[in-house]
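The values are calculated or read from the model by the stated rules, or taken from the named source; none is laboratory data. Keep in mind it's a predicted model, so treat the numbers as computed, not measured. Here the Cβ positions follow ideal geometry from the backbone for every residue, glycine too, while neighbour counts run over all protein chains shown. Ligands, DNA and RNA are excluded from the accessible area calculation, which covers all protein heavy atoms including side chains. Shrake-Rupley method; radii C 1.70, N 1.55, O 1.52, S 1.80 Å.
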Amino acid sequence: MERFAIVEKEYGKSGVKMLYVSQKGDKYTIKELEVETSLTLNSEKDYRKGDNRDIIATDSQKNTVYILAKQFGVECVEEFGMRLANHFINKYPWVMKARISITQHPWNRVLDDKGLQHNHAFVSTPTSTRVAQVILERGSTPKVSAGIRGLTVIKTTQSAFVDFVRDEYRSLPDMEDRIFSTIVTADWNYNDVSGYVDFCAIYSRVKNTILDVFAGPADKGIYSPSVQQTQFLTQKKILLANPEIEDVKMSMPNRHYFPVDFSKFPIPGITGEGAGQVLLPVDKPSGMITSKLARSQIVAKL
């Protein structure tokens, strides 16, 4: 009897970079992706016996990404991920699971001097990065998730640090009004992708919701008593607006900006009415707030 069990195994190709360009009339569209493919086979002979006959070479997996993009195009990254996963499951009967991870680099169209979008010129706008993952096991439906990385935001008022536990370990004083800045990471799982799902529209709604709940109306803003509540209100609004989403997980570290102490400098104009603020960015250590909001599974009592 074998004493040791291989409890996890998969292999694939990472860092498969690609720029996909499509054209309709005079208008071009681009998608810059980085893809990772991972496959799980139905045997262990490659590990235990060095038998490579069932291994789909990682070079072949890389080429598959390029070929399917060329054959079918790239619209939403989630759809492309499902196409890749289905290909590996359908073509190779001994593949038991395919996992596809995709990162999309953000590009926006250049605006000309009249404010019109350019047909073929783009500018890199790394305000955030879009990610997606598809996991498909043989005999099952795809599990699709998506997310946002590196969405850095800041507001200069309408945030507070009050009523936190006061004890001998706390050094920060209460602040009725302070800067609120964070780097948003968000991930959400889709509950059913058997029918048509407009992944691109949902992604845009989720991103806009994050910004809307953080900032509030342009003229008045919105008050945030804590990162925790801002996070919860964002997740709740996302779930209410997108029934296709089953749950939302968010991570929001505090990016601190502490006022520089000018009390030691007796220089006219440093303090008083009209003087601006000078603050010191401190990114580490930082508070980290993470939560996951899911739809409640309500069971009726007979």
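Things to note:
- Working from Cα pairs under 8 Å separated by at least six residues, relative contact order for the range 66-218 is 19 percent.
- Isotropically averaged projected area of the range 141-184, using the convex hull of Cα atoms (one quarter of hull area), nm²: 5.8 nm²
- Sorted largest first, the principal axis extents computed over the alpha-carbon atoms of the chain equal 79, 61, 51 Å.
- The residues Glu78, Glu32, Glu176, Glu2, sorted by heavy-atom accessible surface at 1.4 Å with ligands and nucleic acids left out, run Glu176, Glu2, Glu32, Glu78 from largest to smallest.
- Nearest-ten-degree value, helix 77-91 long axis tilted from longest Cα axis of the chain: 20 degrees
- Heavy-atom accessible area ranking, 1.4 Å probe, most first, across Lys237, Lys45: Lys237, Lys45
- Computed on the chain, with alpha-carbon pairs under 8 angstrom and 6+ residues apart, the relative contact order is 12 percent.
- For the range 45-56, Karplus couplings with θ = phi - 60° (6.51, -1.76, 1.60), whole Hz, Gly/Pro x: 5, 5, 7, 7, 10, x, 8, 9, 5, 9, 7, 7
- In the chain, the longest principal axis of the Cα atoms and the axis of helix 227-241 are about 50 degrees apart.
- Difference of contour (0.36 nm per residue) and Cα-Cα distance, Ile267 to Val282: 2.8 nm
- The range 124-191: relative contact order as a whole-number percent, Cα under 8 Å and 6+ apart: 35 percent
- Principal-axis tilt of helix 58-72 within the chain, Cα atoms, nearest 10 degrees: 80 degrees
- If you take all other residues with their beta carbon under 15 Å from the beta carbon of Lys31, and give Lys and Arg +1 and Asp and Glu -1, the sum is +2.
- A 1.4 Å probe run over the protein chains yields, for the chain, 62 Å² of accessible area per residue, whole-number rounding.
- In the context of the full protein assembly, Tyr47 retains an accessible surface of approximately 120 Å², using a probe radius of 1.4 Å and ignoring ligands and nucleic acids.
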